[in-house]
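The values are calculated or read from the model by the stated rules, or taken from the named source; none is laboratory data. Owing to the predicted nature of the structure, the values given are computational and were not obtained by experimental measurement. Quick reminder, even Gly has a Cβ in these numbers, built from the backbone with ideal geometry, and neighbours come from all protein chains shown. Please note that ligands, DNA and RNA were not included when accessible areas were found on the heavy atoms of the full protein model with its side chains. Shrake-Rupley method; radii C 1.70, N 1.55, O 1.52, S 1.80 Å.
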Amino acid sequence: MRISTRFFAAASIAALSLFAGTAMAEGEKLIIGTEGAYPPFNNLESDGTLVGFDIDIAKALCDEMKVTCEFVTQDWDGIIPALQAKKFDAIIASMSITPERKEKVDFTDKYYNTGPALAVPKDSTITGLADLKGKVLGAQSSTTHANYAEKYATGAELKLYPTTDEYKLDLEGGRVDAVIDDVVVLSEWVKSEAGACCKIATALTPDVEINGPGAGIAVRKGETALAEKFNAAIKAIRANGKYKEINDKYFDFDVYGD
């Protein structure tokens, strides 16, 4: 939640077709902003292909809405300003719905909901937040997880990173004692060869005021017609089995949550 703008995954900026709150006609183009650095939700592979749960869900929603979707990758820190500047029409990038963000953008209903967790080196004795006193805790900047750490890990030194890749390198190298992020992101990482250094210390109880009710699709303020189109499409793919098909490709549980 995360690297500099790299390129347009399918089209140049000149091709943007912006909606400005109007209803979409069938076949219109919708530009989706994502980060491309947050596996397994969204990730930019070495050949330039965007993959992940967010990307597959976005494609399914666009198919349901009968619009053409193209993707733009964008730094996490600048993703809301880029939406406001009409660089794209919506953000599908595992963005938690929070009161602070709702002051800047409008959200759809959630399309998934998972909580935070701590990851630590395999030989670490850290098992929870209480063990972080006097330790260094890593988190990605401008995320709900960083806000959670500020509230609950008060005894730790909080070190913020622009991307998840950077905090992972520092955890592996012993420069931080633990990191906090989404439980799915961390679980997938520690199961991989790249995350063989580390383990999940504990899952953490979400704070609704910080973590929100889940991840939603962000649109510009006032673009309620577009948000409602997405909401209808989310309900449709939940009902017709497409959501489950995508879910089961990545997870062995229902990531949608309660």
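The alpha carbon centroids of the stretch 38-80 and the stretch 123-141 are separated by 32 Å.
Given just the C-alpha atoms of the chain, how large is their convex hull per residue in cubic angstrom?
Taking the convex hull of the Cα positions in the chain, it is 117 Å³ per residue.
Across the cross-link table entries Lys110/Lys159; Lys110/Lys135; Lys122/Lys242; Lys59/Lys87; Lys159/Lys244, which are compared at the Cα atoms, the separations over 26 Å belong to Lys110/Lys159; Lys110/Lys135; Lys122/Lys242; Lys159/Lys244. In terms of packing, defined here as the mean over residues of other Cβ atoms within 10 angstrom, the peptides 211-219, 145-153, 130-138 line up highest first as 211-219, 145-153, 130-138.
Ranking Ala233, Ile180, Pro162 by how far each Cα lies toward the positive end of the dipole of the chain (charges on Cβ) leaves Ala233 at the top. Computed from the C-beta positions of Ala203 and Thr224, the FRET efficiency with R₀ = 35 Å rounds to 0.50. Using a probe radius of 1.4 angstrom, the carbon and sulfur fraction of the accessible surface of the stretch 86-229 is 49%. Of the whole protein surface, Trp76 contributes about 10 Å² of accessible area at a 1.4 Å probe radius.
Sort 232-240, 82-90, 28-36, 113-121 for me by packing, meaning the mean count of neighbouring Cβ atoms within 10 Å per residue, highest on top.
On the way: 232-240: 15.7, 82-90: 19.1, 28-36: 24.0, 113-121: 22.4.
Put in order of decreasing packing, that is 28-36, 113-121, 82-90, 232-240.
P(r) tail, the stretch 118-158: Cα-Cα pairs separated by more than 11 Å, 63% of all pairs. In terms of its Cα atoms, the stretch 116-210 spans 34, 24, 23 Å along the principal axes, sorted from long to short.
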